[in-house]
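Asker: Below are the structure tokens for one structure; questions will follow.
The values are calculated or read from the model by the stated rules, or taken from the named source; none is laboratory data. What you see is a predicted model; the values in this text were computed from it and never measured. Methodologically, a virtual Cβ is constructed for each residue, glycine included, from the backbone with ideal geometry; neighbour enumeration extends over all protein chains shown. SASA here: full protein model, heavy atoms, side chains in, ligands and nucleic acids out. Shrake-Rupley method; radii C 1.70, N 1.55, O 1.52, S 1.80 Å.
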Amino acid sequence: MFDTLRRFEPELVEIRRSIHRHPELGFEESRTSDLVAEKLTSWGYEVHRGIARTGLVGVLKVGSSHKTLGLRADMDALPIHEATAKPWASQIPNRMHACGHDGHTTMLLGAARYLAETRHFNGTLNLIFQPAEEALGGAQAMVDAGLFRRFPCDAIFGMHNMPGLPVGQFYFRSGAFMASADSLDVTIHGKGGHGALPHTTVDPIVVAASITLALQTIVSRNVDTQHAAVITVGSIQAGDVANVVPATALMKLSVRALDRQVRKLLLSRIEDVVRLQAQSFGATATIEARHGTPVLMNDETQTRFAHGVAASLFGDSHAHYGAHPLMGSEDFAYMLDANPNGCYFFIGNGDGEGSCMIHNPGYDFNDGCLTPGAAMWAGLAEGYLKA
């Protein structure tokens, strides 16, 4: 397997860097989708396009088995201006692949080519190339468009690079692996007026300040201490000048949990605290949910299977079971909600000097991950769809 994939490696590097030069935001991945479709078609895949606008699925059937498998990669970039100054840096201002989706797409393409040439499996392989992972709900959009009805998957897998971990090593955890993420807009409606006459106003800034402090008691006093939870007030926007009390204030909240019931508790208590705090000042408040990603839950059987594949391919020292959960969120959680028999795992993107965390202008996907990542995908396919 590795000898074959290494033969592809120069082409994979060029594909990855080509995608990196031309980043596209969520639901705008037309060029990337075209490239993926052209490659898959040339290798003999049946390609289905336009799933959640720019998403696509490549299907390859081998043998007579009715068993099916889904492997997923994301394609979208972020609205960040790149600062790497590398020869393959983004050619589009304020757009860059700052999360490594260019590498994710390329790793799955590498496996696609290998599996099409070798065909050492028996069943149906569904390669899912997802748009709009970055807080736009692309996974849910694909599910809503009939992804698993049109392309049934007995199991599904997703993989993400992780800076700070050694290149080509793999990390797994069953159960809750990544947190839910809810974004809330809270608008405080007070009464504006002259800054010299505060007694004639209902100051929404004071209300927002009180709410900010009160929200911190939810995690410290309502959530079981054995559970992780985060409520962050990331923005408070109100007023323009010093001597005017504004009529409204806008608060932007990020809410995260690693347990579904804790997530429900947080959202319920936030509503109570916001409404009652505002009422105590004579103001009112409205809450608008902008985005919500569920807790990512890995199936234990499939997680142990994936860990076993990694250990077989790379050795026990490069396959880590029981990785720590993260408070970051992941759109693949929608797919696991719809099809729970699956697993999401990490591949190390490098832990040496200069390694940069994702969503940073200095980040770049490590091309040293391309061959091991493609091998992991191929090993999952060959292991799950045994010939």
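Asker: Run the simple label-point estimate for residue 118 and residue 312 please: 7 Å along Cα→C-beta, distance reported in nm.
Answerer: Each label point is offset 7 Å from its Cα along the Cβ direction, giving 1.1 nm.
Asker: Return the sequence-ordered ³J(HN,Hα) values of region 241-257 in whole Hz as given by the Karplus equation 6.51 cos²θ - 1.76 cosθ + 1.60 applied to θ = phi - 60°, using x for Gly and Pro.
Answerer: Whole-Hz 3J(HN,Hα) from phi for region 241-257: 9, 6, 9, 10, 7, x, 7, 9, 9, 10, 10, 10, 10, 10, 10, 9, 8.
Asker: Now for a different question. Tell me the per residue accessible area of region 5-81 using a 1.4 Å probe; a whole number in Å² is fine.
Answerer: Computed with neighbouring chains in place, this is 42 Å² per residue.
Asker: In whole percent, and with a 1.4 Å probe on the protein chains, what portion of the accessible area of region 20-98 is carbon and sulfur?
Answerer: Numbers: 1730 of 3420 Å².
Whole-percent figure for carbon plus sulfur exposure: 51.
Asker: Given (i) 24, 55, 20, 1; (ii) 27, 51, 20, 3, 0; (iii) 28, 59, 13, 0 as candidate values of P(r) over Cα pairs in 20 Å bins from 0, in percent, which corresponds to the one derived from the coordinates?
Answerer: The value computed from this structure is option (ii).
Asker: I need the phi-derived Karplus couplings for region 366-380: 6.51 cos²θ - 1.76 cosθ + 1.60, θ = phi - 60°, integer Hz, Gly and Pro marked x.
Answerer: After applying 6.51 cos²θ - 1.76 cosθ + 1.60, I find 8, 5, x, 7, 4, 5, x, x, 5, 5, 5, 4, 5, x, 4 Hz.
Asker: Hey, any idea what % of region 175-270's accessible area is carbon plus sulfur with a 1.4 Å probe? Don't jump to the answer; show the numbers that get you there.
Answerer: Details: 2610 of 4720 Å².
With neighbouring chains kept in place, the figure for region 175-270 is 55 percent.
Asker: Once you place label points 7 Å from the Cα toward the Cβ at residue 3 and residue 289, how far apart are they in nm?
Answerer: It works out to 5.5 nm between the two label points.
Asker: Using a 7 Å offset from the Cα along the Cα-to-Cβ direction at both residue 135 and residue 61, what is the distance between the two label points in nm, to one decimal?
Answerer: 4.2 nm
Asker: Express the accessible area of region 268-384 per residue in Å², computed with a 1.4 Å probe while the remaining protein chains stay in the model.
Answerer: Here the per-residue accessible area is 41 Å².
Asker: Continuing with the same structure: Excluding residues on the same chain fewer than 8 positions from residue 386, give the aspartates and glutamates whose Cα lies under 19 Å from its Cα.
Answerer: Within the straight-line limit of under 19 Å, residue 386 reaches these aspartates and glutamates: 117, 154.
Asker: Of the accessible area of region 298-387, with the probe set at 1.4 angstrom, what percent is carbon plus sulfur?
Answerer: The computed percentage sits at 50.
Asker: Taking amide H positions as placed in the peptide plane 1.01 Å from N, state which residues far from residue 174 in sequence (5 or more) or on other chains have amide H under 5 Å from it.
Answerer: 322
Asker: Continuing with the same structure: Reachable lysines from residue 252, Cα under 21 Å, same-chain residues fewer than 8 places away excluded?
Answerer: 191, 264
Asker: I'd like to check one number: the per residue accessible area of region 97-194, probe 1.4 Å, reported in Å² as a whole number.
Answerer: Working: 2470 Å² over 98 residues.
Ligands and nucleic acids excluded, the result is 25 Å² per residue.
Asker: Between 326, 309, 374, whose Cα lies farthest towards the positive end of the dipole of the chain when Lys and Arg beta carbons carry +1 and Asp and Glu beta carbons carry -1, centred on the Cα centre?
Answerer: 309
Asker: Report, in debye and to the nearest 20, how large the dipole of the chain comes out about its Cα centre when Lys and Arg carry +1 and Asp and Glu carry -1 on their Cβ.
Answerer: 540 debye
Asker: Please work out the C-alpha center-to-center distance from region 20-93 to region 192-265 and express it in whole Å.
Answerer: 40 Å
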